[in-house]
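All remarks here apply to the structure that follows.
The values are calculated or read from the model by the stated rules, or taken from the named source; none is laboratory data. Please read these numbers as outputs of a predicted model, since none were measured by experiment. Cβ coordinates were reconstructed from backbone atoms using ideal geometry, including for glycine residues, and neighbour counts include every protein chain displayed.
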Amino acid sequence: MSALSISEVFPVTQPAADSVRSGILYVVATPIGNLDDISARALRVLRDVALIAAEDTRHSSRLLQHFGITTPLAACHEHNEREQGGRFLARLAVGEDVALISDAGTPLISDPGFHLVRQARSAGYSVVPVPGACALIAALSAAGLPSDRFVFEGFLPAKAAARRGRLEQVREEARTLIFYEAPHRILECLRDMREVFGGARQAVLARELTKTFETLKGLPLDELCAWVAADANQQKGECVVLVAGWQAPEGEETVNVEALRVLDLLLAEMPLKRAAALAAEITGVRKNLLYQVALERKG
Ligand code: SAM
């Protein structure tokens, strides 16, 4: 995440005095395909606000037209969001409500809006979520992978080396992993996942959710790669990839990446026995196991 600009830390526009009600910034989710997924509350808010800040005004005007909403739109995308924030805050300052929407789904989730929300909150305005569709949540809800704990990794880097590096970082992550991916990279991405996580790791490709060709396919990564490679249709449309979390091989006691990182930091600062004991206290991993690992690491 890039650093905040001075105007975000010390916003110029301040909420109006008590006598004038400050406007509210509503963060409104819109459908990810099926227009019936818009909520009654979202429609009401979009109708009632003075202005809608939209990622792409042309795209959103079609959505609004469909619902007969005539509220004015103003662009709020990744290139102007920081600079244009003041324009939206000025509307809030005079008591007008503003809605923030993105092209699809929930704003800020791999979409613009973070800077505007941050600016509005730091200037003291109310920011109210109007929840609805979100591809990662829709995918997780139907994937059949553990959903009690999960990690959303967003989009992986486009370049192969950086992408594999990122995957390496989460190779031993025990929680379900969720990624967004562009259709033209889906096969490359699945193949990298197979290399890094191993072909036996269970994964789900959730494609075109809520749309005509919605597909949720769950297979071990080697079979999923082969299935996608064999059918060009599976390399089209929008997709979410979910990967089951890492599990230690049965009967084998292992030390996770975070515990190793802690152990290495401590080994650089203190005697081996003390480092293993302290690392055990910090990470919850068994002391004797960390002692063995520390001996191996010290050669
Ligand atoms: N804000 C959106 C949300 O709440 O999910 C995500 C926007 S992000 C720019 C777009 C990515 O979300 C797509 O590349 C795809 O990975 C995922 N996505 C969006 N709609 C989808 C759908 N209908 N089916 C599967 N994935 C979808």
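Can you name the residue in region 62-90 that is closer than 15 Å to Val117 by Cβ and modelled with pLDDT of 95 or more and is also nearest to the ligand (Cβ to nearest atom) among such residues?
Filtering region 62-90 for residues that are closer than 15 Å to Val117 by Cβ and modelled with pLDDT of 95 or more, the one nearest to the ligand (Cβ to nearest atom) comes out as Phe88.
For the subset of region 148-165 comprising residues that are more than 13 Å from the ligand (Cβ to nearest atom) and of a type outside the set (Lys, Arg), which member is surrounded by the most Cβ atoms within 10 Å (Cβ to Cβ)?
Phe150
Only one residue in Arg207, Arg191 is more than 30 Å from Glu281 (Cβ to Cβ), basic (Lys, Arg), away from the ligand (no atom under 16 Å from the Cβ) and at pLDDT 95 or above, so which one is that?
Arg191
When the residues of region 166-187 are narrowed to those that are part of a helix (DSSP H, G or I) and basic (Lys, Arg), which ends up nearest to the ligand (Cβ to nearest atom)?
Selected residue: Arg185.
Does region 264-284 hold any residues that are among the polar types (S, T, N, Q) and under 12 Å from Lys298 (Cα atoms), and which are they?
Result: no residue meets the conditions.
Specify which of the listed residues (Leu145, Leu140) is within 12 Å of the ligand (Cβ to nearest atom) and hydrophobic (A, V, I, L, M, F, W, C).
Leu140
Would you mind stating whether Glu269 is on the phi > 0 side of the Ramachandran plot and either within 16 Å of the ligand (Cβ to nearest atom) or loosely packed, with under 13 Cβ neighbours inside 10 Å (or both)?
Answer is no for this residue.
Could you tell me which residue of region 121-133 is nearest to Ala99 (Cα to Cα), considering only residues that are surrounded by fewer than 20 Cβ atoms within 10 Å (Cβ to Cβ) and within 18 Å of the chain's Cα centre (by Cα)?
So, considering only residues that are surrounded by fewer than 20 Cβ atoms within 10 Å (Cβ to Cβ) and within 18 Å of the chain's Cα centre (by Cα), the one nearest to Ala99 (Cα to Cα) is Pro129.
Only residues that are crowded, with 17+ Cβ neighbours inside 10 Å and more than 16 Å from the chain's Cα centre (by Cα): list them for region 192-208, please.
Once the filter is applied, which keeps residues that are crowded, with 17+ Cβ neighbours inside 10 Å and more than 16 Å from the chain's Cα centre (by Cα), region 192-208 yields Asp192, Met193, Arg194, Val196, Phe197, Arg201, Gln202, Ala203, Val204, Leu205, Arg207, Glu208.
If I go through region 50-81 residue by residue, how many of them are within 17 Å of Val127 (Cβ to Cβ), surrounded by fewer than 19 Cβ atoms within 10 Å (Cβ to Cβ) and touching a Ser or Thr at 6+ places or on another chain (Cβ under 6 Å)?
Of the residues in that region, 0 qualify.
Take the residues in region 110-137 that are within 16 Å of the ligand (Cβ to nearest atom) and in contact with a Leu (Cβ under 7 Å, 6 or more places away or on another chain); name whichever of them is farthest from Ser22 (Cα to Cα).
Among them, the one singled out is Ala135.
Residues of region 182-204 being in contact with a Leu (Cβ under 9 Å, 6 or more places away or on another chain) and among the aliphatic types (A, V, I, L, M), which ones?
Ile186, Leu190, Met193, Val196, Ala200, Ala203, Val204
Kindly indicate whether Ser61 is assigned to a loop (DSSP other than H, G, I, E, B) and either in contact with a His (Cβ under 7 Å, 6 or more places away or on another chain) or polar (S, T, N, Q) (or both).
Against the criterion (assigned to a loop (DSSP other than H, G, I, E, B) and either in contact with a His (Cβ under 7 Å, 6 or more places away or on another chain) or polar (S, T, N, Q) (or both)), Ser61 does not qualify.
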